[in-house]
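Written below as structure tokens is the structure these notes are about.
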Amino acid sequence: MLNAAQERAVAHLSGPCLVIAGAGSGKTRVITHKIARLLRAGLEPEQIAAITFTNKAAAEMRERAAQLVDKRGVAGKLAISTFHALGVRMLRESGEALGLKPRFSILAADDVTGLLRDAGATTDNAQARRWQWTISLWKNAMLTPEAAARVAENDDERVAAKVYARYADMLQAYQAVDFDDLIWLPVTLLQQHAEVREHWQSKLRYLLVDEYQDTNAAQYDLLRLLVGDKGRFTAVGDDDQSIYGWRGATLDNLRRLETDWPTLEVIKLEQNYRSTNAILRAANAIIQSNPKLYPKSLWSEHGEGEAVEVRAAQNEDEEAQMVAARIQALRSGRNAELAHIAVLYRANHQSRPLEQALRRANIPYVVSGGQSFFDRAEIKDVCAYLRLLANPDDDPAFLRAVTTPRRGIGPQTLAALSSFAGQWKISLFEALSRDSMPAAVGARPSDHLREFGRLLHDIEWRARTAPAGELLREMLETIGFRAWLEEHSDNPREAEQRWKNVDDFCGWIERKAEEDKVGLTQIAQTVSLITQLQERGDQRDAVTLCTLHAAKGLEWPHVVLAGCEEGLLPFFTEDRPLTPAALEEERRLMYVGVTRARQTLVLSWCQKRKQGRGAAGRTPSRFIDEMQTGQPKVSNKDAAMARIAALRSRLGAAAEESAEAKP
DNA sequence: TTTGCGGTCCTTTTT
DNA sequence: GGACCGCAAA
């Protein structure tokens, strides 16, 4: 069943273990078998934690573990989750030590942008997003607002540090956390409270970390605090597949492992069970231009297979048509199932022309990742009600719910209510029930507000007994949500689609409530962490469209990698030049894409691609060249562009300085 | 004061 | 093609 290296990785239980797992070398199999081995060695299932990066990977891991060990629902007790879900669990159970109530809200990225606009007193969304980016990196590096202010190197960063401090206060007031907090608050918790640390160390006796190369500094700290000094963990990763540097992931974590744990056992998995040699050779030719942390050479017993194809198209529409034709050919020519075909790309917006072409050709598809179900406006509206129900301190949720649908409450009223709540240092929701509220906002608006408050109180009361799905549907009926969607859609078709989304969401809540035997309030607490609903059964036989990042860890017999062009893969723009480090990461991304394919692989690129209003001429990705020659391709243009960009940013900074000096 | 409408800008990758 | 801003009407 297991090869020699896999068996060694599974058998090593006595100390820390690092498994360097090449693409397709069976790392999920190693993790699941190791879980089985740990159970046999006497650990209770709830003492074993397996940590992944995506919900999808966690779900797959759960399923594979269940196949292997399931008797009496043992697999269901395993702590298999994403880093972030584990963080939520820790904070719900032990977060009070940090002043966080168990019913805290989890904010989505858009909510955070909105708060940062407020915190920085600006309407500039782009600026807010830049702050968001900076603050996120700070949190991932475990920097408090005070520490950030100390390390800030220029005025921009000093302003960002101030915004960060205000933002942190707002989160505290709203009893809300963002995604980064889900890692860094648990770290703080374990650092500052010895009894909590001991509690969790004895609760989770063995940790298995998947995609270890993508951990950032905060995640490493969390890992170390959880395993204590016993080193009861296995990290599985591949330095060639590290593609989250932009999120603070660092290969230092891979290097640190050997210094922090001298007894670390390092095991390499080099036999590939996935791809043909033609595909592996292409992958190796690309990745060999990168410096190596753990050199390895992948080999496969599968035959040579079909050659990797490169195809050029005129523009993205033609590329999409070509992809559709390719899929038809795979289907009719070799009876390929649609579920065995994937189209991968660098950026989410590339899915649009592809989707159009597939619809025209009547090819069913699912877009994985990208604009998630929960990003849709109508779903966020419903979630705002749920969040408010779970956590009445959640002012952002209050603001969204109270204005959706319109109920005669506008910005003026809300500004008055906010300043009233601010005076008393209470949440907006709590402000509703204060006797002096009507005097602050006026008689008529206060009636509307009170009515909204009664609605929520009523739902909250009934949530204790009524089934979640039923209650939710009833609430949507009461607020006239369907009618509101109809009014606010451009056409009946769109309204219908949006209502269907809401209806699917209600159905999902219903099932979830049944399965977990929980009420609406508890579901509301976890909703922000879920990124996608379970695929519906009727879409089983469908082509997968997804980004390269979302494709990591997955595989398909037939893969098309679209948009293999300079500027897109590797990605760069005029003001974001390609640094050597970025180029290496883009190359790893390409490597990840190529190694998703089992049997056939097509790389396509466009001679022209729409950019803003016009269309820009494009050249094929240097990775295509590297794949064919096995040599890194360095162009003078890169060096020149990097120089120009550096010059420009210097000039820009100088211009800003002189502009600031004038007034 | 609230709400609806039309023009403008922007689009790397994710939990 | 979507989110957001500014403007005009109820």
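When A:Arg166 is tested against (1) part of a helix (DSSP H, G or I); (2) within 16 Å of DNA strand B (Cβ to nearest atom), only condition (2) is not met.
So for the stretch A:90-110 (the condition being free of Cβ contacts under 8 Å to residues at least 24 places away in the same chain, away from DNA strand C (no atom under 16 Å from the Cβ) and assigned to a helix (DSSP H, G or I)), does at least one residue qualify? Yes, because at least one residue in the stretch A:90-110 is free of Cβ contacts under 8 Å to residues at least 24 places away in the same chain, away from DNA strand C (no atom under 16 Å from the Cβ) and assigned to a helix (DSSP H, G or I). Residues that are within 10 Å of A:Glu378 (Cβ to Cβ) and buried (at least 19 other Cβ atoms within 10 Å of the Cβ) within the stretch A:461-494 comprise A:Phe481, A:Leu485, listed in sequence order. Among the residues making up the stretch A:143-201, those that are in contact with a helix residue (DSSP H, G or I) (Cβ under 6 Å, 6 or more places away or on another chain) and of a type in the set (D, E, K, R) are A:Arg166, A:Asp178, A:Asp180, A:Arg197. The residues in the stretch A:367-386 that are away from DNA strand B (no atom under 14 Å from the Cβ) and not small (Gly, Ala, Ser) can be counted, and the count is 7. Among the residues making up the stretch A:115-133, those that are over 18 Å from A:Asn154 (Cα atoms), out of contact with any Leu (no Cβ under 9 Å at 6 or more places or on another chain) and either away from DNA strand C (no atom under 12 Å from the Cβ) or not in a loop (DSSP other than H, G, I, E, B) (or both) are A:Leu116, A:Arg117, A:Asp118, A:Ala119, A:Ala121, A:Asn125, A:Ala126.
Table: residues versus (1) among the small types (Gly, Ala, Ser); (2) not in a helix (DSSP H, G or I).
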site: A:Trp246; (1), (2): no, no
site: A:Leu254; (1), (2): no, no
site: A:Thr259; (1), (2): no, no
site: A:Arg274; (1), (2): no, yes
site: A:Pro295; (1), (2): no, yes
site: A:Val323; (1), (2): no, no
site: A:Ala329; (1), (2): yes, no
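From the list A:Arg150, A:Arg197, the lone residue that is assigned by the TED database to the domain that holds A:Phe233 and basic (Lys, Arg) is A:Arg197.
Could you go through the stretch A:372-390 and let me know if any residue there is of a type in the set (Gly, Ala, Ser), farther than 19 Å from A:Asp118 by Cα and either within 16 Å of DNA strand C (Cβ to nearest atom) or not in a helix (DSSP H, G or I) (or both). Break it down stepwise before answering.
At the first step, the residues of the stretch A:372-390 found to be of a type in the set (Gly, Ala, Ser) are A:372, A:377, A:384, A:390.
Going one step further and asking which of them are farther than 19 Å from A:Asp118 by Cα, we end up with A:372, A:377, A:390.
Pick out the ones that are also either within 16 Å of DNA strand C (Cβ to nearest atom) or not in a helix (DSSP H, G or I) (or both) and you get A:372, A:377.
For the stretch A:372-390, residues of a type in the set (Gly, Ala, Ser), farther than 19 Å from A:Asp118 by Cα and either within 16 Å of DNA strand C (Cβ to nearest atom) or not in a helix (DSSP H, G or I) (or both): present.
Condition first: surrounded by fewer than 15 Cβ atoms within 10 Å (Cβ to Cβ), within 16 Å of DNA strand B (Cβ to nearest atom) and of a type in the set (A, V, I, L, M). Now tell me which residues in the stretch A:325-361 satisfy that. A:Ala347 - this is the single residue of the stretch A:325-361 that is surrounded by fewer than 15 Cβ atoms within 10 Å (Cβ to Cβ), within 16 Å of DNA strand B (Cβ to nearest atom) and of a type in the set (A, V, I, L, M). With respect to (1) more than 12 Å from DNA strand C (Cβ to nearest atom); (2) free of Cβ contacts under 8 Å to residues at least 12 places away in the same chain; (3) closer than 12 Å to A:Leu545 by Cβ; (4) of a type outside the set (Ser, Thr, Tyr), the lone exception for A:Ile327 is condition (2).
Looking for something at pLDDT 90 or above, more than 16 Å from DNA strand C (Cβ to nearest atom) and surrounded by fewer than 20 Cβ atoms within 10 Å (Cβ to Cβ) - is there at least one such residue anywhere in the stretch A:592-599?
Residues of the stretch A:592-599 at pLDDT 90 or above: A:592-599.
Next, only the ones that are more than 16 Å from DNA strand C (Cβ to nearest atom) stay: A:592-599.
Pick out the ones that are also surrounded by fewer than 20 Cβ atoms within 10 Å (Cβ to Cβ) and you get none.
No.
All of (1) modelled with pLDDT under 90; (2) touching a strand residue (DSSP E or B) at 6+ places or on another chain (Cβ under 7 Å); (3) away from DNA strand B (no atom under 16 Å from the Cβ) hold for A:Ser297 with one exception: (2).
The values are calculated or read from the model by the stated rules, or taken from the named source; none is laboratory data. Here the structure is a predicted model, which means the values were calculated and not measured. Methodologically, a virtual Cβ is constructed for each residue, glycine included, from the backbone with ideal geometry; neighbour enumeration extends over all protein chains shown.
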